[in-house]
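Nothing in this text is a laboratory measurement; each read-out follows from the coordinates by a stated rule. Just so it is clear, the model here is predicted, and its values are computed rather than measured. Every residue, glycine among them, receives a Cβ derived from its backbone with ideal geometry; neighbour counts consider all protein chains shown.
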Amino acid sequence: MKNVSALVAGMLFGAGLVIAGMTNPAKVLAFLTLGAGWDATLIFVLGAAVIVAATGYALVGRRASPLFDDEFHAPASTVIDARLIGGAALFGVGWGLSGFCPGPAIVGALTLDIRAVVFLIAFVVGVLAYERLLAPPVATRVDG
């Protein structure tokens, strides 16, 4: 049931991206570029996402356990440090240069948009390079 709920949530998210036009990098870049062609649509999409997420967190906070998993998966750290700020800045620069972030790029790649495919390839290479070169070592558990 966990996989089915994840599939349904992903399809709903993807459909929302398509309906809102967020899979079109030109629309995203029109929001990020101030001037005569500025498109404020993205602010409404972001606002709706904040409302849905806040509602979801409020409802989840009342539950002892998730519906379709054994435990909640929440970030362990709440620290705002240089790595977090640097990662957010890098994400913003990449989003501003390409008009894609991972969710819309996956949807775009499924429609065979070559720009989305190129973005996803670069994204995967970047993730793998980070994991190989910069990621802190993961503690391993030794059973004795």
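Worth a mention:
- The selection criterion, being at positive phi, without any contact (Cβ under 8 Å) to a residue 12 or more places away in the chain and surrounded by fewer than 16 Cβ atoms within 10 Å (Cβ to Cβ), does not hold for residue 10.
- Given (1) of a type outside the set (Lys, Arg); (2) outside any loop (DSSP other than H, G, I, E, B); (3) closer than 14 Å to residue 108 by Cα, number of the condition residue 44 does not satisfy: (3)
- Residue, nearest to residue 18 (Cα to Cα), within the stretch 100-116, restricted to residues that are in a helix (DSSP H, G or I) and more than 16 Å from the chain's Cα centre (by Cα): 110
- Scanning the stretch 19-32 for residues that are of a type in the set (Val, Ile, Thr), surrounded by 15 or more Cβ atoms within 10 Å (Cβ to Cβ) and farther than 16 Å from residue 92 by Cβ yields a single hit, 23.
- Taking (1) surrounded by fewer than 12 Cβ atoms within 10 Å (Cβ to Cβ); (2) assigned to a helix (DSSP H, G or I) in turn, residue 35 satisfies each apart from (2).
- Looking only at the stretch 61-99, and only at residues there that are in a helix (DSSP H, G or I) and more than 17 Å from the chain's Cα centre (by Cα), the one that is farthest from residue 1 (Cα to Cα): 82
- When residue 71 is tested against (1) touching a helix residue (DSSP H, G or I) at 6+ places or on another chain (Cβ under 6 Å); (2) without any contact (Cβ under 8 Å) to a residue 60 or more places away in the chain, exactly one condition is not met: (1).
- Checking residue 19 against (1) among the β-branched types (Val, Ile, Thr); (2) touching a helix residue (DSSP H, G or I) at 6+ places or on another chain (Cβ under 9 Å); (3) in a helix (DSSP H, G or I), the condition it does not meet: (2)
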